[in-house]
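Heads up: the structure comes next, in structure tokens.
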Amino acid sequence: MFTTVLIANRGEIALRVARTCRELGLRVVAVYSTEDRDAAVVDLADEAVCIGPGPARSSYLNMAAILEAARRTGADAVHPGYGFLSEVPDFAEACEAYGITFVGPPAAVIERLGDKAAARATMAAANLPMLPGSDGPVQCPDLAVQVAAGIGYPVIVKAVAGGGGRGMQVVHEPGDLVRQFREVKSAAQSLFGDDRLYLERYLPTARHVEVQILCDQYGDGVYLGLRDCSAQRRRQKIIEETPAPGLPADLARQMGEAALRGALATGYVGAGTFEFLVDHDGGFHFMEVNCRIQVEHPVTELTHGVDLVREQLLIAAGERLTLRQDDLVPRGAAMECRINAEDPARDFVPAPGRLVELTLPGGPFVRVDTDAYQGGRVSPAYDPLLAKLVVWAPDRPQALLRMRRALGEFHAAGPGLATNRDFLLAVLDHPQFIEGTHDTSLVAGINPTGARGLTEEASIG
Amino acid sequence: MTGLLDPHLRVPPVPVDTAEACPMHGSLPDTGRTVADDLDDVRRSAQQLLSGVDRQPSALRIRAGDVLVELEWGGEPAPAAEASQVTAAVQAVTVTAGAAAAVGHVPAPAAPTGDGFVDVCAGTVGTFYRAAEPGTAPFVTEGDQVRRGQQVAIIEVMKLMIPVEAERDGKIIAVHVADGTSVEYGDRLLTIAPATGH
């Protein structure tokens, strides 16, 4: 087993990973940019290294600086968290080359699954149900027109290297395809340095349901239930829950087994998430694989009683999975709200600033994952996630009541600071959300200023 | 990518516009950058800096060509309680926004020390060397006159040798770090007494 873990990340996830390392008796090294000098994880860590200035490109994405920090501190493992370098194959490879354990899948697996067209092909071969789409990347607009005609409209044009809701466009009319194909192509080039695109049938009102999996280095794996992440604003998840409301147990089991089959077929190692779309007829379709711990992992932890970061670390250390599928019976319902420093009244622009006042919710079965503290600040340099509020209850209606109560306790104020708290409450109060019958089009129909009704925002971002 | 802006351009502090999109978690190192991208980075960095300090600076200086942003606090020295905060802010003042993961071209941050001297600080985490090779003469020693842009040390990061350059014309009055020491970003390396009439 390694003895020192460098956490190549920041914010709440760095703190969350550090805590589990501490529980496992592992030494913790934090790395931080000059923007994050006062971060909680810098205090908590056994050692902390300043790796660069605020812009992520020069700090949290700076592989050489992070590897140098590992060398300097004697770190023999790196946990990448989510975002930043967590799904960059070169980083995983570089860690291994320097004799440092990368807590995640092998570089080759990240590379194959990070190429969305290759991932599609791999999963189709493993008999996962797919939406109709192109076989591999489509090079030119003329070919795209032909392929789209075969798929049927609406289609979604996606960057092979895309992810996180960026580098994609829904096309409703054949006449728009050539222009929009070219636009996504140039956006993909500038966002990802890779302009290859593929096409898929678009489901306007599907549910986003994902499967958490864990695989060890010896070909053994389990799935840990489903998370419904249909409450999204412009493809950014804002509320996640488990189990997926109203999803038949038989379908849930099929999806879990399909995800595990796909993972084992690719030689997956570690924690991962298979994302699916579930249509109104109960059909499910593979979307993509996330080769990292997810933001929304706590809901799975609460219903399964499993510390997923601990499992990641043990798997990376070469231990065998001790979890057995038959023992993984979820209990109750868990829900997460992402409280962001953003202003719903101004089209959700990031609204970071100093936290002059901060009250975090508490009470029974409430978990708050955050590194924010009163007197600290939300940095404008990064993602505006302020806190993840997670609750557990014996069933979904009670979880909803508990989430409303807990959100009501949350308070943050400071110059320039705004949060989406009230918007989250409006989503929780929506009849479709209460019923659990909502799909990915729900949030777009909720007026950010509080009054219910349709806004001009389309169902797709 | 040089000469985008007058190196001595002074602009008044700009109001912070939080409407600027922020880099998100998960953004990958990008390629194919343009001049406009760099300018955009400069502006965003400046806004970040200004939002991150409690006291507005008297000047903001932007230098292009691997992009450097500097804030200055003029006037009377800050009260003691504020001093450490200001120092911390000054340390954070130099922002690089050069080529992707610009390890090879990180300018060493320079920080005014309050007594008219200027510190040359580490532009990256790495190992500090005073000489080009073991056994050879150091680039500079105390008392040496240096020119702006002159190499005064090396920082090695993962086998890359990154030159440390003087930010000002002046005299080296102190070398703070021993040869072969591991440094982190922003560590004080040397102090220069700037030549007058800069």
Discussion item. Name the single residue that is nearest to the other protein chains (Cβ to nearest Cβ) among those in the stretch A:76-106 being among the small types (Gly, Ala, Ser) and assigned to a loop (DSSP other than H, G, I, E, B).
Written reply: A:GLY83
Worksheet item: Which members of the stretch A:31-45 meet the condition of being within 12 Å of chain B (Cβ to nearest Cβ) and buried (at least 24 other Cβ atoms within 10 Å of the Cβ)?
Response: A:VAL31, A:TYR32, A:SER33, A:THR34, A:GLU35, A:ASP36
Worksheet item: How many of the residues in the stretch A:202-220 are modelled with pLDDT of 95 or more, farther than 17 Å from A:ALA252 by Cβ and surrounded by fewer than 23 Cβ atoms within 10 Å (Cβ to Cβ)?
Response: 5
Worksheet item: Can you name the condition, by its number, that A:GLY25 falls short on among (1) within 11 Å of chain B (Cβ to nearest Cβ); (2) assigned to a loop (DSSP other than H, G, I, E, B); (3) without any contact (Cβ under 8 Å) to a residue 24 or more places away in the chain?
Response: (1)
Worksheet item: So which residues in the stretch A:156-195 are in contact with a helix residue (DSSP H, G or I) (Cβ under 9 Å, 6 or more places away or on another chain) and within 14 Å of chain B (Cβ to nearest Cβ)?
Response: A:ALA159, A:VAL160, A:ALA161, A:GLY162, A:GLY163, A:ARG166, A:GLY167, A:LYS185, A:SER190, A:ASP194, A:ASP195
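Output the number of residues of the stretch A:46-68 satisfying the condition of being assigned to a helix (DSSP H, G or I), within 14 Å of B:GLY126 (Cβ to Cβ) and facing chain B (nearest Cβ under 7 Å).
If we filter the stretch A:46-68 for residues that are assigned to a helix (DSSP H, G or I), which is where we start, we get A:56-58, A:63-68.
From what is left, the residues that are within 14 Å of B:GLY126 (Cβ to Cβ) are A:58, A:63-68.
Next, from what is left, pick out any that are facing chain B (nearest Cβ under 7 Å): A:58, A:63-65, A:67-68.
Number of matching residues: 6.
Can you tell me which residues in the stretch A:354-386 are among the polar types (S, T, N, Q) and either over 10 Å from A:ALA413 (Cα atoms) or surrounded by 22 or more Cβ atoms within 10 Å (Cβ to Cβ) (or both)? Reasoning before the result, please.
Residues of the stretch A:354-386 among the polar types (S, T, N, Q): A:359, A:370, A:374, A:379.
Across the stretch A:354-386, the qualifying residues are A:THR370, A:SER379.
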Worksheet, complete the sentence: Restricting attention to the stretch B:178-198, the residues that are surrounded by fewer than 20 Cβ atoms within 10 Å (Cβ to Cβ), touching a strand residue (DSSP E or B) at 6+ places or on another chain (Cβ under 6 Å) and of a type in the set (Val, Ile, Thr) number exactly 1
Worksheet item: Condition test on A:LEU264, is it over 20 Å from the mean Cα position of the chain (by Cα) and either within 14 Å of A:VAL211 (Cα to Cα) or surrounded by fewer than 19 Cβ atoms within 10 Å (Cβ to Cβ) (or both)?
Response: yes
Item to complete: From (1) within 9 Å of chain B (Cβ to nearest Cβ); (2) crowded, with 23+ Cβ neighbours inside 10 Å; (3) over 23 Å from A:ILE315 (Cβ atoms), pick out the condition that doesn't hold for A:ARG71.
Response: (2)
Worksheet, complete the sentence: Result of the Cβ filter at 6 Å on the stretch A:421-444, keeping first residues that are under 18 Å from A:LEU389 (Cβ atoms) and partners that are crowded, with 16+ Cβ neighbours inside 10 Å and aromatic (Phe, Trp, Tyr), at least 6 apart or interchain, is A:ARG421/A:PHE410; A:VAL427/A:PHE433
Worksheet entry | Residues satisfying the stated conditions in the stretch A:369-401, i.e. under 14 Å from A:CYS337 (Cα atoms) and acidic (Asp, Glu) | A:ASP369
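Residues are listed down the side, and each one gets a yes or a no for (1) at pLDDT 95 or above; (2) charged (D, E, K, R); (3) within 20 Å of the chain's Cα centre (by Cα):
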site: A:ASP371; (1), (2), (3): yes, yes, yes
site: A:LEU385; (1), (2), (3): yes, no, yes
site: A:VAL391; (1), (2), (3): yes, no, yes
site: A:LEU425; (1), (2), (3): yes, no, no
site: A:PRO431; (1), (2), (3): yes, no, no
site: A:ALA451; (1), (2), (3): no, no, no
site: A:GLU456; (1), (2), (3): no, yes, no
site: A:SER459; (1), (2), (3): no, no, no
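For the stretch B:116-177, which strands (runs of 3 or more DSSP E) that fit wholly inside it have 1 or more residues that are away from chain A (no Cβ under 14 Å) and acidic (Asp, Glu)? Give the steps one after another, and end with the answer.
On the way: elements: B:118-121, B:126-129, B:151-157, B:160-165, B:170-175.
Result: B:118-121, B:160-165.
Checking the conditions here, which among A:ALA258, A:ALA231, A:ALA249 is more than 20 Å from A:ILE293 (Cβ to Cβ) and free of Cβ contacts under 8 Å to residues at least 24 places away in the same chain? So that I can check it myself, show each step before the final result.
Details: A:ALA258 fails: free of Cβ contacts under 8 Å to residues at least 24 places away in the same chain; A:ALA231 fails: free of Cβ contacts under 8 Å to residues at least 24 places away in the same chain.
So the residue among A:ALA258, A:ALA231, A:ALA249 that is more than 20 Å from A:ILE293 (Cβ to Cβ) and free of Cβ contacts under 8 Å to residues at least 24 places away in the same chain is A:ALA249.
The values are calculated or read from the model by the stated rules, or taken from the named source; none is laboratory data. Here the structure is a predicted model, which is why all the values come from computation and not from measurement. FYI the Cβ positions are ideal-geometry reconstructions off the backbone, even for glycines, and counts take in every protein chain you see.
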